[in-house]
Amino acid sequence: MLVMRQAEQGDEKRIHAFAEKAKVKKLPENMSNTIIVENEQQEIIAMIAIEAYETVGLLRSFVVMAKDWDAEKTVRFFKTVFAAAKQKQLHSLYLFTAGHAEFLSVLGFKEIDQEQLPESIKYAVRGQDTAQAAAMYCSLET
């Protein structure tokens, strides 16, 4: 059985080890902004970070390292992410992807022109190469 939850302070070393293994370059400063998935052995097998900027969030570092990960687990994971973002009172989420735009659209994300990004998101990714990535947006308001 998988456990999907917000990371806690005690998870920091494990998250860093997982991120290093997955070759993730940048981690959030506040680990409580990270959602992790643990397997039966309590090993981290997936993670994503939510960076909050007022009422919008930027999803970063989505990493999965599990052979049996499937679409159903991804949907469950993103439901957990959406719930955590709503708890942080975020109204929308943004992400950049070099692929998987079609699958992300099934989860509610829409591809947008990077010029349409909120200034806070543009500022958060300044200096990073996003030219080849698709910018995507998802409203959390119902």
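Computed from the coordinates by the stated procedures, all read-outs in this text should not be read as laboratory data. Please read all numbers here as calculations on a predicted model, not as lab measurements. All Cβ positions, glycine included, derive from the backbone under ideal geometry; neighbour counts span all protein chains shown.
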- Could you work out how far the C-alpha centroid of the stretch 45-122 sits from that of the stretch 8-32, in angstrom? 17 Å
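Evaluate E = 1/(1 + (r/R0)^6) for Lys86 and Glu12, where r is the Cβ-Cβ distance and R0 equals 22 Å; express this FRET efficiency to the nearest 0.05.
That pair, Lys86 with Glu12, gives E of 0.35.
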- Estimated vicinal HN-Hα couplings, Hz - the stretch 59-69 in sequence order (Karplus 6.51, -1.76, 1.60; Gly, Pro = x): 8, 9, 6, 6, 10, 10, 10, 8, 5, 9, 6
- Which angle from 0 to 90°, rounded to the nearest 10, does the C-alpha axis of helix 12-21 make with the longest principal axis of the chain? 80 degrees
- Query: Where a ≥ b ≥ c are the square roots of the eigenvalues of the C-alpha gyration tensor, would you call the stretch 56-98 rounded, which needs a/c under 1.5, or, failing that, prolate if a/b is larger than b/c, or oblate?
  - Reply: oblate
- In whole Hz, what ³J(HN,Hα) sequence does the stretch 123-128 give by Karplus (6.51, -1.76, 1.60; θ = phi - 60°), x for Gly and Pro? 5, 5, 9, 4, x, 9
- About the Cα centre, charge dipole magnitude for the chain (Lys/Arg +1, Asp/Glu -1 at Cβ), debye: 180 debye
- Note on the structure: Output row, site Lys110, 7 Å Cα→C-beta label point, backbone N cut-off 18 Å, window the stretch 122-142, residues 134-142
